[in-house]
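Input: a single structure, listed below in structure tokens.
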Amino acid sequence: MPDIKSSHNTMSRKVVITGMGIYSCLGTDLDSVKDSLWNGKSGIVFDPERKAMGYRSALTGYVPEPDLKSILSRSQRAFLPTHGAYAYVATDQALKMAGINMEYLEKNSVGILYGGDSTAEPTYQSICTMVEKGDTLRCGSGAIFKSMNSTVTMNLSCLFKLRGINMTVSAACASGSHAIGLGYLLIKEGLEECIVCGGAQEINKYVVGSFDGIGAFSIRENEPEKASRPFDRDRDGLVPSGGAATLILESEESALKRGANIIAEVVGYGFSSNGDHISTPNVAGPAQSLRNCFKNSGIDPSQIGYINAHATSTPVGDKNEALAIAEVFGKDMPPVSSTKGQTGHEMWMAGASEAIYSIIMMKNGFIAPSLNFENPDQDTALLNIPTERLETKFDMFLSNSFGFGGTNSTLIIKNR
Amino acid sequence: MTLEEIKEKVNVSLAEEFEIEESLLTPDANIKTTLKLDSLSIIDLIAIIEDTFSIKTEVAEIKQVATLGDLYGYIQSKL
């Protein structure tokens with residue numbers, strides 16, 4: 001098949017999702033994640049190693065380490081950090097679901113835009129080795145490739161023979177969402193046909209120590225499954241988590257040409273920057289991201305059937321997001337939940353994983369309970385937050401992701 | 001350490017760390033073309049050799065080693 005990237009015009013085109021893959025604390029495939037969402041299962045555990053290291057809160061999402069020995073050769077695994085392995089599994093699932101095999105990838109230009117904003121464990125390990133051994137060679141051949149921020153995109157582009165756009169999107173906890181948004185724009189504008197989009201987040205005892213140090217985490221250690229409680233009156237901080245999530249974004253034209261199953265369509269992307277405090281979010285920035293998304297897409301808030309909020313369970317963040325949503329949606333308030341009550345905060349991955357969680361719920365006609373939301377405060381009372389699973393059909397949802405530095409991203413995705 | 005002992009230790013490392021078929025581990029096996037160890041893998045090989053035999057090698061010297069038999073001899077010369 002010829003490379004069709006240069007053959008089309010630059011008309012604004014529909015951008016569809018033809019594959020999804022997930023490796024999270026709710027499950028390591030779409031079916032198990034669907035069951036966890038349906039049952040309101042928590043993926044949060046207490047990690048004694050973190051406590052021994054001096055963490056204020058040793059709570060974390062947990063995912064098993066993938067065993068890729070039977071799938072990838074030693075030389076293919078040598079440069080993959082653990083979160084790269086999560087991303088490999090998620091991307092393999094997504095490509096298979098999309099019906100894209102290696103033969104297709106070798107003959108067509110497919111890109112990758114993946115969210116990522118740290119690779120602490122391999123960086124720490126290589127520095128320790130260098131200092132201990134007094135010889136840089138002893139860091140090993142994989143250290144440089146594992147410890148660069150773009151490690152996931154550099155590895156996956158080689159493993160899957162990707163030849164389109166190849167870039168890591170670093171935007172703190174909005175990384176995964178911006179990766180989807182930017183992929184959407186590139187395809188919509190005719191610059192790419194198909195892009196592997198997603199986000200990966202490492203889970204280990206090194207990556208979030210300094211995050212714990214600024215007092216951002218919930219210290220409800222005696223009740224791990226109740227610690228992440230977005231929008232709840234008694235929320236006391238976030239719970240770090242991670243994994244990887246991949247969505248295959250593709251022009252509708254390309255998907256139809258391949259005879260691919262179209263799952264959903266990305267119809268809106270909005271973004272903004274707070275230009276304010278480095279860690280404390282405000283109301284104006286997120287509200288502007290929402291407004292920009294509606295303006296860019298031509299969609300009206302009344303068309304949105306569900307909002308997957310960014311809400312991480314921090315006192316100020318949830319309050320200001322609630323105010324922003326209330327300001328923009330007014331009387332047209334659809335159900336709002338944060339799946340972070342179940343997952344904790346999947347950070348660099350969250351925008352991508354939450355798009356997948358929301359698509360799973362949209363395709364299966366339910367909204368998972370906003371886990372641990374028991375009592376509103378005066379701000380979160382402005383929202384319509386389900387405390388139990390809603391079995392309801394909706395055909396369009398909005399997903400927020402915000403990050404340190406005031407980076408905001410909003411996506412709208414509709415059913416197909 | 002005898003050449004046979006060096007051979008056994010090197011072969012075990014290559015089989016375990018680099019997942020190389022034991023049948024390929026013959027003295028005349030070319031490290032690059034037969035064992036498929038590229039320039040990055042050679043870096044890891046050096047680290048393993050230095051740890052296993054408590055020797056200090058030179059990257060430039062190792063890169064001149066063509067076959068597995070040559071590698072056994074190089075290690076013996078460093079002991």
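The values are calculated or read from the model by the stated rules, or taken from the named source; none is laboratory data. Computed from a prediction, not measured in an experiment: that's the story for all the values here. Glycine also receives a Cβ, built like all others from the backbone with ideal geometry; neighbour counts cover every protein chain displayed. Remember, those area values only see protein heavy atoms, side chains included, never the ligands or the DNA or RNA. Shrake-Rupley method; radii C 1.70, N 1.55, O 1.52, S 1.80 Å.
Using the Kyte-Doolittle scale, which helices in chain B average at least 1.0 and also have C-alpha atoms spread 18 Å or more along the helix axis, with helices defined as whole DSSP H runs?
Helices passing the filter in chain B: B:39-53.
When all protein chains stay in place, what accessible area (Å², nearest 10, 1.4 Å probe) is found for A:Phe46?
Spelled out: A:Phe46, probe radius 1.4 Å, area about 80 Å².
Shielding of B:40-47 by partners, i.e. mean partner chain Cβ atoms within 10 Å per residue?
Mean partner shielding for this stretch: 5.
Can you tell me the accessible area per residue over chain B, all protein chains present, probe 1.4 angstrom, in square angstrom?
55
Quick one: which bits of the stretch A:48-73 get at least 30 Å² less accessible when the partner protein chains are in, versus the chain alone, with a 1.4 Å probe?
Buried by 30 Å² or more upon assembly, which counts only protein chains, is no residue of the stretch A:48-73.
What total accessible surface area, summed over both chains, is buried at the interface between chains A and B, computed with a 1.4 Å probe and given in Å² to the nearest 100?
Values: alone 15860 and 4830 Å², together 19660 Å².
Accessible area lost upon association: around 1000 Å².
With the Cα gyration tensor of the stretch B:3-78 giving a ≥ b ≥ c as the square roots of its eigenvalues, does the rule (a/c under 1.5 for rounded; else a/b larger than b/c for prolate; else oblate) give rounded, prolate or oblate?
Rounded shape, in that the Cα axes give a/c under 1.5.
Is there a pair in A:Lys205/A:Lys226; A:Lys226/A:Lys393; A:Lys41/A:Lys319; A:Lys14/A:Lys96 whose C-alpha atoms are over 26 Å apart, and which pairs would that be? Working shown, then result.
Values: A:Lys205/A:Lys226 21 Å; A:Lys226/A:Lys393 28 Å; A:Lys41/A:Lys319 24 Å; A:Lys14/A:Lys96 22 Å.
Those over the limit are A:Lys226/A:Lys393.
For chain A, report the accessible area per residue in Å² (1.4 Å probe, heavy atoms, rounded to an integer).
Counting only protein heavy atoms, the per-residue value for chain A is 37 Å².
Take the solvent-accessible surface of the protein heavy atoms, probe 1.4 Å, and return the percent of it on chain A that carbon and sulfur atoms account for.
Of the solvent-accessible surface of chain A, carbon and sulfur hold 52 percent.
Just how large is the dipole of the protein assembly as shown about the Cα centre, in debye to the nearest 20, putting +1 at every Lys and Arg Cβ and -1 at every Asp and Glu Cβ? Working shown, then result.
Details: 44 positive and 60 negative charges, 220 e Å.
Computed charge dipole of the protein assembly as shown: roughly 1060 debye.
Please give the calculated 222 nm ellipticity per residue for the protein assembly as shown, where each DSSP H segment of at least 4 residues contributes -39500 (n - 2.57) and the sum is spread over every residue; nearest 500 deg cm²/dmol?
Roughly -11500 deg cm²/dmol at 222 nm, from the helical runs in the protein assembly as shown.
Only protein chains counted, 1.4 angstrom probe. Which residues of the stretch A:132-156 are at least 40 Å² less accessible in the assembly than when their chain is isolated?
Listed by number, the residues meeting the 40 Å² cut-off are A:Leu137, A:Arg138, A:Ser141.
Can you tell me the mean projection area, over all orientations, of the convex hull of the protein assembly as shown's alpha carbons? Units nm², please.
24.8
How much solvent-accessible surface does A:Asp276 expose, in Å² to the nearest 10, with a 1.4 Å probe and all protein chains in place?
The accessible area comes out at roughly 100 Å².
Name the aspartates and glutamates eligible as straight-distance cross-link partners of A:Lys34: C-alpha to C-alpha under 15 Å, and not fewer than 8 places from it in the same chain.
Leaving aside aspartates and glutamates fewer than 8 places away in the same chain, those within reach of A:Lys34 are A:Glu354, A:Glu391.
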